[in-house]
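Heads up: the structure comes next, in C-alpha cells.
A short reminder: the numbers here are calculations on the coordinates, not readings from a lab. Predicted model only: the values in this text are computed from it and were never measured. Neighbour counts run over all protein chains shown; Cβ positions are idealised from the backbone, glycine included.
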Amino acid sequence: MGMIKLPQGSVSFFKENLDDIFNSGNLAEGKWNKEISTFINSHCNVSCSVPTSSNGSGLVALMMIYKTYYNRMNVLIQSNTMYGVKTMVYTSGCNLSGYIDCSLETLMPSIEQVRKAVEQFKGDKKSLMILLSHIGGIINPDIEKIAEFCRSENIILLEDCAHSYGATLNGKHSGTFGDGGAFSFYATKSIPAGEGGVVITKNNEIGELVKRFIIYDRFEQKMNIGSNNRPSEIQALLIYSVLMNTEEIIENKKHIAEQYIKACEELGIPYIKQISAFSSGNYYKFIVYNDDKPILEFLPKLKTKTSAVYDYTLGSKNKIASHHACLPIWYGQENEITKKVIKELYESK
Ligand SMILES: Cc1ncc(COP(=O)(O)O)c(C=O)c1O
C-alpha cells in the first residue's frame, strides 16, 4: 500500500478542481459522478456506466437485480479469484452453485472449463449466472467464446473487471462481452484511486435498475432492494483525475514489463503475456509460472514479489496458487526494485 503513486497530472487536476466541489455545494451525486459516466461510456463504448463505491458493491447490486427481477439465483464463479467474490454472491442473496476450474497458463477458466462446470450444474439454466474474473490485467482470452456459449445456453454472464480497466481484447473492453461488469479503482489496483468502482452494461434496462438501486430508488419508490453504493463527489473527482491518465499509467508499467520480459526470455521462465496481436493488458501483474515445479523451487532466489493472484484456491485445490508468482510492477516503480528482481531471477537459474 505504501508504494502507490499517482501521475502528477492526476494530482494537479484533483487539486485544481477540489475548490469547485466546495463552491458548488454538491458533495454528492453531482458533476464528477456524471463526468465518470460520460468518460467511461465513451472509453468503453457502452450505453450505461454507474460509479459505485467499489467493484464489490457494484457486483452485489447486479446480482441482486438479476436475482430479484429475472429469477437468476444460482451463480458459478471461478476457483481462482479473490475470496470476496464468494462473499459477494452470498451477500446478494444468491446461491453459490459451484466453482469453475482455471488454467495455469492464464489463471482463468477456458471455454472447456466453463462448459464442464455448466454440465455439472444440475438446476435449471434459466436460473443461472456465471461471474468470471479477468485476472492480472488481461481479459480472459476465451471470453468471446464463453459469452457466445452463455448466450446460446440462456445463461447470464457477469464480468468481474476489478483488475482489467484499460485492457482490451480485439479492441473491446472488459465488461462489454457479457451482460454487465464492474471495475475497481481500489488503492492497489492497476488504475488506482484509493476506492471506487464503476458498473458498466450495454443493457439499458439493467443500467436503469443499477442507477435506481444505488439511490435506494428513493424517487420512483418501486424497487424493494437498493442501497447507497455511491462515491462522494470528492472521491469521484479523484477517480476521474486518475482515469484521465490511464494510458500514462499503463505505458509507465510497460517499460518495467519489457525489462522482465527480456530476462524471462533469456532464462526460459514462462510468463503471462499482456500484449499479443489481439489482446492488450494493463500490466496489473507481471506473472511468472511453472507447470512442473512449485514456483519456490523453480525460482528459489526470487524474494522480491507482490501478492499472488491468488495464494489460495476456492473449491477443490489445483496447482495455480503454488506454481506462480507476481513480480513487482507499479506506476513510478524505482529502477532499483526492477533491477533487484531481475538479479534474483538470474540467481535462481
Ligand atoms: C478479482 C477481484 N475481484 C473483486 C475485487 C474487489 O474490488 P473492490 O475492493 O473494489 O470491491 C478484487 C479486489 O481485491 C479482486 O481482486
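Could you grab the relative contact order for the stretch 8-243? Cα pairs under 8 Å, six or more apart, rounded to a whole percent. Intermediate values should be presented prior to the final figure.
Numbers: 470 pairs, mean separation 63.2, N = 236.
Value for the stretch 8-243: 27 percent.
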Of every Cα-Cα pair in the chain, the percent that sits beyond 27 Å:
46 percent
Evaluate the distance, in nm, between pseudo-label points positioned 7 Å from the Cα of Ser276 and of Lys15 along their respective Cα→Cβ axes.
4.3 nm
Would you work out which of Pro192, Gly226, Val11 lies farthest towards the positive end of the dipole of the stretch 8-243? Charges go on Cβ: Lys and Arg +1, Asp and Glu -1.
Gly226
For His163, the net charge from surrounding residues (Cβ-Cβ under 14 Å; K, R +1; D, E -1) works out to +1
As a check on your grasp of the helix formula, calculate [θ] at 222 nm for the chain: sum -39500 (n - 2.57) over DSSP H runs of n ≥ 4, divide by the residue count, round to the nearest 500.
-12500 deg cm²/dmol
Compute and list, largest first, the equivalent-ellipsoid semi-axes of the stretch 246-348 from the alpha carbon gyration tensor, each √(5λ) rounded to a whole angstrom.
22, 17, 13
Just report the Cα centroid separation between the stretch 1-79 and the stretch 288-324, whole Å.
32 Å
Skipping prolines and chain starts, which residues have an amide H placed within reach, meaning under 5 Å, of the one on Ile100, given they are 5 or more residues away or on another chain?
Ile77, Gln78, Ser79
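Please give the charge dipole size of the chain, origin at the Cα centre, charges +1 on K and R Cβ atoms and -1 on D and E Cβ atoms. Round to the nearest 20 debye.
On the way: 37 positive and 37 negative charges, 115 e Å.
With only Lys, Arg, Asp and Glu charged at Cβ, the dipole is about 560 debye.
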Environment charge of Ile130, counting only residues whose C-beta is closer than 12 Å and scoring Lys/Arg +1, Asp/Glu -1:
0
Magnitude of the charge dipole, the stretch 131-182, Cβ model with Lys/Arg +1 and Asp/Glu -1, debye to 20:
120 debye
Dipole-positive endmost among Tyr240, Leu128, Ile261 within the chain (Cβ charges, Cα centre)
Leu128
Expressed in nm to one decimal, what extension gain is obtained for the pair Leu267 and Asn170 from 0.36 nm per residue of sequence separation less their Cα-Cα distance?
31.9 nm
